[in-house]
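Chemist: Can you keep this structure in mind? I'll have questions shortly.
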Amino acid sequence: MRTLSYLSILGLSLILGACATPTPTPITQEGSASTKLEEVSEPPIDPKTEANYQEQLRALIAEVSKSHSIPLESLELGFRDSKNLSQIKKLVAPPPVTFQKNWRVYRSRFVEPVRIKAGLTFIEQNRSALVAAEQESGVPYQVIAAIIGVETIYGRQMGNFRVKDVLTSLSFDYPEAPNRPARQALFRDQLKDLIALCWRDANRKQEGFNRCLNQSSSYAGAIGLPQFMPGSILQFAKDGDNNGIIDLRKSNRDAIFSVANFLKVHGWQAGMPIYFPTIINEQTRPKIMELADGQPIAKLTVNQLIELGILDPKQGDLLQGGVESNSKALIVDLPSPSNGLDPELEYVVGLANFLSIVNYNRSYFYAQSVAEFAESLGYSNKSVFPVQEQGTQKPAKEQQKPKKQEKKVKKLKKTENPAN
């Protein structure tokens, strides 16, 4: 995804992924609801700004009332106590130009003992749901668990702001930035989606509608255990427990199946790894730096990277278990500050599954942290396809029809928690 200027941490990478908005280029916050944020005092809103906020809110409510056939009175009642949160503007503002991204620090917030312990407990308590979601989607259950852990520490931290306040503030009073009009438009779409979602889930009842609008969210408007934006709830969330209700706040099964479905829809390749380590030496480093163009597009092939000496086919299962030579890949850069002028850079090769996670949250740091957190929960970052006797690959047609890891699933089922 990035050069050092692409979707900078916390600021320009602030919005909407699977945390995620259903747009062609979803953008999400670099952090998550589980990120500890400093308390920010709420300064008074300028009267002119407040008047403009109220005027635009009334206009949007009138528009949605007409387009969605929702009584205007119900919308006015739901939003009559909405607040323009000036503190939100500070949280979404671009970082200062002197800000340095720090992969080591970012990773340490998520791949650490407390979260790993919580993740293993979550897996044991929700094993049957996780196994079922993996069978349906092809997404390994540890990856599903890792995303929920990174986002909210399994529901412990789902945000401290009312979602309607967040979305109205960012729709009508987004901070000054080069991309301000586009950001406001994106948040207005999310606000409209929130209204449609809440009206649907409340069965047209005012009390339930108000409760839905007032639920807590992150400072970007993401909701529930997996931190889905309203648009993503409408498009990708699933009823995992088949009770006719999608509840991403209280239903672990709904959250699990929703995360799995999002990754599947966004290109997850069942049985394939997420990333490969790179070979960095005097010969390969210049080429790696050149190819790390920051764009979240897999423009290279595995074979090209092998020919350049960046990948070693003898490492792991590369070219021995289903990863074809023409598989698409990209170079991912992970910078950290150093004592010198230039940052210290780590690199990995991201595959299609890496980009699937990037769609959940537009951050290379996020995707690599999820991958490594999943590994700490027992995920094996290798292809599950069988290896032919002479080390050659299975034909492409055979690779497209993988069995759903039958042995793995049978083993898991023996230890399932019957309560789930």
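Chemist: Looking for whichever is open to solvent by less than 60 Å² (accessible area, probe 1.4 Å), basic (K, R) and at pLDDT below 85 here; the options are R2, R115. Which one fits?
Modeler: R2
Chemist: Next question. Out of all the residues in the stretch 193-200, is one or more under 24 Å from D254 (Cα atoms), aliphatic (A, V, I, L, M), surrounded by 24 or more Cβ atoms within 10 Å (Cβ to Cβ) and in contact with a Cys (Cβ under 9 Å, 6 or more places away or on another chain)?
Modeler: From the stretch 193-200, those under 24 Å from D254 (Cα atoms) are 193-200; that's our starting set.
Filter once more, keeping what is aliphatic (A, V, I, L, M): 194-197.
Now narrow it down to the ones that are surrounded by 24 or more Cβ atoms within 10 Å (Cβ to Cβ): 194-195.
Adding the requirement that they be in contact with a Cys (Cβ under 9 Å, 6 or more places away or on another chain) leaves 194.
Within the stretch 193-200, one or more residues are under 24 Å from D254 (Cα atoms), aliphatic (A, V, I, L, M), surrounded by 24 or more Cβ atoms within 10 Å (Cβ to Cβ) and in contact with a Cys (Cβ under 9 Å, 6 or more places away or on another chain).
Chemist: Taking the stretch 23-69 only, how many residues are among the small types (G, A, S) and at pLDDT below 50?
Modeler: Going through the stretch 23-69 one residue at a time, the tally reaches 1.
Chemist: A follow-up question, please. Select the strands (runs of 3 or more DSSP E) contained entirely in the stretch 269-381, then report the ones holding at least 2 residues which are open to solvent by less than 20 Å² (accessible area, probe 1.4 Å) and in contact with a Phe, Trp or Tyr (Cβ under 9 Å, 6 or more places away or on another chain).
Modeler: Here the list reads 328-336, 344-350.
Chemist: Might you check whether a residue that is at pLDDT 50 or above, surrounded by 14 or more Cβ atoms within 10 Å (Cβ to Cβ) and under 16 Å from Q142 (Cβ atoms) occurs anywhere in the stretch 383-390?
Modeler: Yes.
Chemist: Applying the selection to the stretch 192-231, what residues are of a type in the set (S, T, N, Q) and farther than 25 Å from A59 by Cβ?
Modeler: Within the stretch 192-231, N203, S216, S218, Q227 qualify.
Chemist: Does at least one position in the stretch 246-266 carry a residue that is in contact with a helix residue (DSSP H, G or I) (Cβ under 8 Å, 6 or more places away or on another chain), of a type in the set (D, E), at pLDDT 95 or above and closer than 25 Å to G221 by Cβ?
Modeler: Within the stretch 246-266, one or more residues are in contact with a helix residue (DSSP H, G or I) (Cβ under 8 Å, 6 or more places away or on another chain), of a type in the set (D, E), at pLDDT 95 or above and closer than 25 Å to G221 by Cβ.
Chemist: Taking V92 as the residue in question, decide whether it is touching a residue at least 60 places away in the same chain (Cβ under 8 Å), over 23 Å from N160 (Cβ atoms), β-branched (V, I, T) and surrounded by 15 or more Cβ atoms within 10 Å (Cβ to Cβ).
Modeler: no
Chemist: Could I ask something else about it? Filter the stretch 139-155 for residues that are open to solvent by 10 Å² or more (accessible area, probe 1.4 Å) and either in a helix (DSSP H, G or I) or small (G, A, S) (or both); which is nearest to H266 (Cα to Cα)?
Modeler: It comes out as Y141.
Chemist: Go through the stretch 70-109 and count every residue that is under 30 Å from F373 (Cβ atoms), in contact with a helix residue (DSSP H, G or I) (Cβ under 8 Å, 6 or more places away or on another chain), modelled with pLDDT under 95 and part of a helix (DSSP H, G or I).
Modeler: Summing the residues that are under 30 Å from F373 (Cβ atoms), in contact with a helix residue (DSSP H, G or I) (Cβ under 8 Å, 6 or more places away or on another chain), modelled with pLDDT under 95 and part of a helix (DSSP H, G or I) in the stretch 70-109 gives 2.
Chemist: So, in the stretch 341-358, of the ones that are acidic (D, E) and modelled with pLDDT under 95, which residue ends up nearest to V370 (Cα to Cα)? Give the steps one after another, and end with the answer.
Modeler: Step one: list which residues in the stretch 341-358 are acidic (D, E), which gives 342, 344, 346.
Retained after the next criterion (residues that are modelled with pLDDT under 95): 342, 344.
Details: D342: 26, E344: 21 Å.
Going through the qualifying residues, I end up with E344.
Chemist: State whether one or more residues within the stretch 256-265 are assigned to a loop (DSSP other than H, G, I, E, B) and either open to solvent by 20 Å² or more (accessible area, probe 1.4 Å) or farther than 30 Å from S325 by Cα (or both).
Modeler: The answer is no; no qualifying residue exists.
Chemist: Filter the stretch 161-190 down to the residues that are under 15 Å from L85 (Cβ atoms) and not in a helix (DSSP H, G or I), then identify the one that is farthest from the chain's Cα centre (by Cα).
Modeler: Ranking the candidates gives D173 first.
Chemist: Filtering the stretch 202-245 down to residues that are more than 29 Å from P175 (Cβ to Cβ) and in contact with a Lys or Arg (Cβ under 7 Å, 6 or more places away or on another chain), which residue is least open to solvent (accessible area, probe 1.4 Å)?
Modeler: The qualifying residue least open to solvent (accessible area, probe 1.4 Å) is G240.
Chemist: Shifting gears a bit: Kindly indicate the residue of the stretch 156-183 that is small (G, A, S) and open to solvent by 10 Å² or more (accessible area, probe 1.4 Å) and also farthest from G221 (Cα to Cα) among those meeting that condition.
Modeler: Quick first cut of the stretch 156-183, residues small (G, A, S) only: 159, 169, 171, 177, 182.
Checking which are open to solvent by 10 Å² or more (accessible area, probe 1.4 Å) leaves us with 159, 177, 182.
Numbers: G159: 9, A177: 19, A182: 16 Å.
Selected residue: A177.
The values are calculated or read from the model by the stated rules, or taken from the named source; none is laboratory data. A quick note: this is a predicted structure, and the numbers were derived from the prediction, not measured. FYI the Cβ positions are ideal-geometry reconstructions off the backbone, even for glycines, and counts take in every protein chain you see. Ligands, DNA and RNA are stripped out before the accessible areas are found, and what is left, the full protein with its side chains, is counted by its heavy atoms. Shrake-Rupley method; radii C 1.70, N 1.55, O 1.52, S 1.80 Å.
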